[in-house]
1. In degrees, nearest 10, range 0 to 90: what is the angle between the Cα axis of helix 200-209 and the longest Cα principal axis of the chain?
2. How do 102, 21 line up, fewest other C-beta atoms within 10 Å first?
3. Build a GNM of the chain with springs between Cα atoms under 10 Å: which of 140, 18, 28 gets the top mean-square fluctuation?
4. I want to verify a result. In a Gaussian network model of the chain, Cα cutoff 10 Å, which of these has the top mean-square fluctuation: 119, 184, 148?
5. What's the FRET efficiency of residue 152 with residue 95 using the Cβ-Cβ distance as r and R₀ = 22 Å, to the nearest 0.05?
6. Among the DSSP beta bridges whose two residues both lie in segment 3-224, what percent are antiparallel, rounded to the nearest 5?
7. Return the single residue from 141, 76, 17 with maximal mean-square fluctuation; model: Gaussian network over the chain, springs between Cα atoms under 10 Å.
8. Please order 19, 190 by the number of other Cβ within 10 Å, starting at the fewest.
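Computed from the coordinates by the stated procedures, all read-outs in this text should not be read as laboratory data. The structure presented is a predicted model; accordingly, all values stated were derived computationally and were not measured. With ideal geometry, Cβ positions are generated from the backbone for all residues, glycine too; neighbour counts draw on all protein chains shown.
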Ligand code: NI
Ligand code: MN
């Protein structure tokens with residue numbers, strides 16, 4: 001069983017009934033989020049990169065829940081300095097966690113914090129969880145190697161940015177869905193800020209036009225697979 005809750009922006013909670021994992025927990029400073037950070041209870045936090053709209057409430061949630069942060073090596077050392085428990089990984093490497101296997105992929109983007117500067121490479125992540133395989137692209141432009149990601153694993157659910165400006169826009173995101181061929185694509189990273197305004201229903205329509213399946217998740221909505 002896999003339950004996915006979309007908090008907003010790039011933040012999702014995965015729940016298999018035993019483990020709860022949050023990806024890119026940007027909640028408090030996301031005016032569109034309908035969930036209170038204090039209500040988030042998780043065992044793991046996965047970070048795709050260090051930008052503020054992805055690290056978000058990581059410190060608070062990690063400390064309150066005693067949650068393990070799974071992240072790229074350089075971010076892990078940054079978290080060590082702040083006494084946050086973490087598991088360091090890097091692109092192309094996988095690890096078998098109690099919930100399932102998790103592997104970081106490439107992403108074309110940056111990774112930086114104001115107090116630490118550059119923090120290694122940005123990433124996407126493929127997570128086997130609750131009997132499904134989820135590919136969260138992180139922040140990225142379109143890249144041809146997405147075809148390889150879709151060949152290495154049969155992707156059940158793909159979460160991908162459509163907001164343009166910092167990441168893929170709708171038209172490139174539709175090509176990304178074509179490359180990866182997931183059973184279901186879920187758009188993310190749109191409308192949080194003025195420069196990333198995009199219509200997720202336009203994305204869904206264009207994905208349907210290439211005979212693939214996408215669906216908009218409302219902020220705070222949970223779906224079960
Ligand atoms: Ni970013
Ligand atoms: Mn971002």
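1. It is inclined by approximately 50 degrees.
2. Ascending Cβ contact count within 10 Å gives the list 102, 21.
3. Per the Cα network of the chain with a 10 Å cutoff, 18 tops the list.
4. Among 119, 184, 148, the largest GNM mean-square fluctuation belongs to 148.
5. 0.90
6. Working: 29 of 48 bridges.
Roughly 60 percent of the DSSP beta bridges within segment 3-224 come out antiparallel.
7. Between 141, 76, 17, it is 17 that shows the largest mean-square fluctuation.
8. By the 10 Å Cβ count, ascending, the order reads 19, 190.
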